[in-house]
Structures are given as C-alpha cells and as structure tokens.
Amino acid sequence: MAAALDASVLPGVSIMSLRPLSASERTAALQKAAAARAARAAAKERLKNGQTSAADIISSAGDDEALARMRVAELLEALPGIGKVRAAAIMEQLGIAASRRVRGLGIHQRQALVDFIDEK
C-alpha cells in the first residue's frame, strides 16, 4: 500500500496541487495536444517517405515545440529499416538516453546522430 505524500515522507518539500481546469481550458489543452501529436506524426511520415531528413527535423525542433518534444527513439524508428531494437542500439552507441527528447539533445549528440544517420 502506498504511503500518502506528506511532510513526514519528504521533509523540506512542499506539495502543491494544480488548480482544476475550466471546461474551455481543458478543451484548449486537448486541442493543443492533438495538434502536437498530428505534427509529430506528419513529420515522422515525411521522414519515412524520404521527403525530409532527420537533420531537418532536428534543426526545426528549435522552432517547433511539437517536434522538440518528440522522443529520439521515435525519430529513429521513423527511418526505414530501423525498429525498436536497432534504435535502442544506436542510441546506446551514441550515448543518448532512452528517454531523451529531441529538445534535450546536446550539440555533440545532435551532430553524432545526424552523422550516424547520414552514414546509413
């Protein structure tokens, strides 16, 4: 049975709850999330079809919040011939954490990823 979070469990940590969203705020948030998922799906489809490169998606992630939140594993898996296992192996080889998102890539990780994909 999980213990309830209180000051005795996490001393020095204050617990703050989020205010409930109004119906209009919830609807707006749901629409924003759906648009972000659609943008990521469209980018992966373009990548799969060869209409864009991984380097283009990585560079455009600086301006596009939806692409910035795409997991690197998803980006790799969208490439033809790369599945979950190969994507995980590539990320381990390049020193990229499995949970890393495109926004969280460092300069050297971005370059290593682009170079690896270009060699393929």
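Laboratory data are not the source of any read-out in this text; all were calculated from the coordinates shown. Predicted model only: the values in this text are computed from it and were never measured. Here Cβ is always computed from backbone atoms with ideal geometry, including for glycine, and neighbour counts include all displayed protein chains.
Over the range 24-119, Cα pairs under 8 Å with separation of 6+ residues give a relative contact order of 25 percent. Lys and Arg at +1, Asp and Glu at -1: add these up for the other residues within a Cβ distance under 13 Å of Arg101 and post the number. Summing Lys and Arg as +1 and Asp and Glu as -1 gives +3.
For the range 49-120, a/c is less than 1.5, where a ≥ b ≥ c are the root eigenvalues of the C-alpha gyration tensor. That puts it in the rounded class. With K and R counted +1 and D and E -1, the other residues having a Cβ less than 15 Å from that of Ala29 yield a net charge of +3. With a simple spin-label model that places each label point 7 Å from the Cα along the Cα-to-Cβ direction, the separation between His108 and Val85 comes to 3.1 nm.
Measure nothing fancy, just the Cα-based angle from helix 84-94's long axis to the longest principal axis of the chain, in degrees from 0 to 90, nearest 10. Between the helix axis and the principal axis of the chain, the angle is about 90 degrees.
Enumerate the aspartates and glutamates that Lys84 could reach by cross-link, defined here as Cα to Cα under 18 Å, with residues fewer than 8 away along the same chain left out. Within reach: Glu45, Glu74, Glu92.
Each of the peptides 69-78, 20-29, 87-96 was scored by the mean count of other Cβ atoms within 10 Å over its residues; in descending order, highest first, they stand as 69-78, 87-96, 20-29. Seen against the Cα atoms of the chain and their longest principal axis, helix 23-48 is set at about 20 degrees.
Highest mobility in the GNM of the chain, judged by mean-square fluctuation with C-alpha springs under 10 Å and restricted to Ala54, Ala34, Ala43, is found for Ala34. Against the longest alpha carbon principal axis of the chain, how many degrees, from 0 to 90 and to the nearest 10, is the axis of helix 107-119 turned? It is inclined by approximately 40 degrees. Mean-square fluctuations from a GNM of the chain, with a 10 angstrom spring cutoff on Cα atoms, peak among Ser60, Ser17, Ser99 at Ser17.
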